[in-house]
Amino acid sequence: MRVEFNKTIRLSLYIEDFEDITIFKVFLYDFKYLVGYISIVWYNIKIDKILKKRIHTMKVLHVLAQLPVKTGSGVYFTSVIDGLKNYEVEQAAIYGTTPEYDFNILDTVYEVEFEGEDIDFPIVGMSDVMPYNNTLYKNMSENMMTTWQNAFREKLLKAKDEFKPDVVITHHLWILSSIVCEIFTDEKVLAICHNTDLRQAEKNPSIKEKYVTNLDKLDKILALSSSQIDEIVTVYNHSKENIINIGAGYNEKVFFPLNNYEPKEKLEILYAGKFDESKGFYELIKAFRILETKVKDVELDLIGNLKEEDKERVYSLVGDSKNIKIYNAMDQAHLGEIMRQKDIFILPSYFEGLGLIAVEALGSGLRVVATEIEGLIEFLGDKINNSDIIEYIAMPTIYDTDKAVEEEKPAFIERIVAALEPMIERTRKERKLPQELLEEIESHSWKKKIETIYNLL
């Protein structure tokens with residue numbers, strides 16, 4: 001009698017959620033104890049799910065192999081975490097760090113310290129060139145790979161035991177996500193593709209074959225664009241039905257326009273990113289040296305990480321120009337402040353998964369000149385692409401994913417100049433972006449993207 005009484009009480013919770021309970025009550029009355037008991041067991045499974053959803057706060061574990069700052073994936077990682085703070089979820093994070101960084105992301109973190117306590121070599125980056133000291137996957141010895149895997153596996157197992165996540169969100173379709181799938185077999189696992197992971201797979205097929213073996217166990221893959229979905233299917237032979245084009249977003253709390261624009265002596269063009277060949281960085285400097293001979297009162301500000309070995313080359317290209325300024329890389333908040341003060345943002349990159357920084361620039365009220373990045377064009381949509389607030393530059397022929405054919409670079413430099421000239425003229429006529437376009441840009445903020453991600457948990 002007591003068992004039936006307890007089940008009846010639990011059943012009353014079920015009644016609140018389903019209108020067709022009267023059918024079940026008649027069924028139970030007519031068929032009595034045996035069939036009725038079996039039915040109660042079946043319905044209690046449903047009830048347990050309801051109770052868990054109502055009472056249990058969902059726990060989400062975020063996983064990244066790199067620093068949670070400075071790169072596109074790092075910004076994505078922290079943006080998802082910050083966005084989910086507005087929902088009823090409990091969060092923890094695993095990521096790479098070094099002794100010089102002290103992050104304040106969440107109360108519960110499991111840091112893997114490179115060049116320190118856990119691993120003695122620099123952080124292994126998804127790109128060959130990172131905005132901080134890094135190791136390349138292709139240069140890792142077997143011993144280094146084992147050390148790296150063991151360090152992250154230890155933190156993942158610790159998080160599973162202590163934090164007990166319901167959902168794991170892992171970044172990059174690469175080695176660490178494969179380990180996540182190995183460890184979290186009963187939890188939902190979502191992976192976010194950032195394009196640099198696809199590039200690693202294409203450039204290092206032997207590493208992919210040996211260490212990336214479990215991605216078929218992922219519950220969902222979140223892609224940055226529809227073209228990226230096709231690449232994921234090709235590279236990993238993954239089911240298209242299991243991949244969602246979610247894109248990315250920008251942080252509207254950090255990147256927002258000024259209300260009032262004060263007249264300035266010089267029009268300021270801004271580049272922020274890696275000082276690297278793949279970004280068209282050197283071609284940009286060459287293009288600006290031509291531009292400043294044709295257009296008066298223009299300045300180029302370069303924000304990034306100028307490595308010691310690159311200084312001689314960069315300074316020789318800058319030459320005697322008084323209009324080129326170089327600044328160290330900065331955090332998102334500081335970058336947002338700087339952006340609002342500039343006029344035009346330029347992204348001459350040969351390869352981008354999305355080119356999110358261009359969206360951040362638009363969100364900050366800047367006009368943008370960028371190469372024809374497929375993900376960016378698709379993400380922004382016709383309304384912005386067909387406006388005069390963005391100008392696209394045709395790419396040179398690209399090989400090996402992110403390298404431009406040398407013979408085509410002079411023509412590419414000319415195209416940069418040709419794109420900047422009319423944009424400068426437009427900006428001088430009207431610095432402020434039209435309100436309807438600002439509203440369209442804001443629709444691409446993280447707020448909407450986080451809502452989508454939350455609904456997938």
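Restricting attention to region 133-172, the residues that are within 20 Å of the chain's Cα centre (by Cα) and closer than 19 Å to ILE81 by Cα total 6. Checking the stated criteria, ILE269 turns out not to satisfy the condition of being hydrophobic (A, V, I, L, M, F, W, C), modelled with pLDDT of 90 or more, crowded, with 19+ Cβ neighbours inside 10 Å and under 20 Å from ILE169 (Cα atoms). Residues in region 97-119 that are more than 14 Å from THR78 (Cβ to Cβ) and either without any contact (Cβ under 8 Å) to a residue 24 or more places away in the chain or touching a Lys or Arg at 6+ places or on another chain (Cβ under 6 Å) (or both): PRO99, GLU100, ASP102, ASP107, TYR110, VAL112, GLU113, PHE114, GLU115, GLY116, GLU117.
How many residues are surrounded by 21 or more Cβ atoms within 10 Å (Cβ to Cβ) and of a type in the set (S, T, N, Q) when one looks only at region 316-340? The total comes to 0.
Only residues in region 176-188 that are closer than 10 Å to LYS217 by Cα and surrounded by fewer than 21 Cβ atoms within 10 Å (Cβ to Cβ) count as the first member; pair them with residues that are among the acidic types (Asp, Glu) and modelled with pLDDT of 95 or more, Cβ under 6 angstrom, at least 6 apart or cross-chain, and list the lot. As it stands, the answer is LYS188/ASP219, since those pairs meet every condition given.
Of everything in region 63-107 that is in contact with a Leu (Cβ under 6 Å, 6 or more places away or on another chain) and of a type in the set (A, V, I, L, M), the residue that is nearest to TRP174 (Cα to Cα) is ALA65. Listed conditions (1) at negative phi; (2) crowded, with 23+ Cβ neighbours inside 10 Å are all met by ASP343, apart from (2). Count of region 410-452 residues, restricted to those that are in a helix (DSSP H, G or I) and touching a Gly at 6+ places or on another chain (Cβ under 6 Å), is 4.
For SER278, state whether it is free of Cβ contacts under 8 Å to residues at least 40 places away in the same chain and small (Gly, Ala, Ser). Spelling it out, it is not the case that SER278 is free of Cβ contacts under 8 Å to residues at least 40 places away in the same chain and small (Gly, Ala, Ser). Restricting attention to region 231-243, the residues being surrounded by fewer than 23 Cβ atoms within 10 Å (Cβ to Cβ) and under 12 Å from ASN195 (Cα atoms) number 2.
Any residue at all in region 393-402 that's part of a helix (DSSP H, G or I), at pLDDT 95 or above, of a type outside the set (D, E, K, R) and out of contact with any Cys (no Cβ under 7 Å at 6 or more places or on another chain)? So far as region 393-402 goes, no, none of its residues is part of a helix (DSSP H, G or I), at pLDDT 95 or above, of a type outside the set (D, E, K, R) and out of contact with any Cys (no Cβ under 7 Å at 6 or more places or on another chain). Here ARG415 meets the list (1) more than 16 Å from ALA361 (Cβ to Cβ); (2) surrounded by fewer than 18 Cβ atoms within 10 Å (Cβ to Cβ); (3) over 17 Å from the mean Cα position of the chain (by Cα) almost entirely, failing just condition (2).
Scanning region 371-381 for residues that are outside any helix (DSSP H, G or I) and either farther than 22 Å from ILE229 by Cβ or acidic (Asp, Glu) (or both) returns a single hit, GLU372. The set of residues in region 294-309 that are in contact with a Lys or Arg (Cβ under 6 Å, 6 or more places away or on another chain) and over 18 Å from GLU283 (Cα atoms) contains only ASP297.
The values are calculated or read from the model by the stated rules, or taken from the named source; none is laboratory data. All figures in this text were calculated on a predicted structure; none of them were measured in a lab. Positions of Cβ are backbone-derived with ideal geometry, glycine not excepted, and every protein chain shown enters the neighbour counts.
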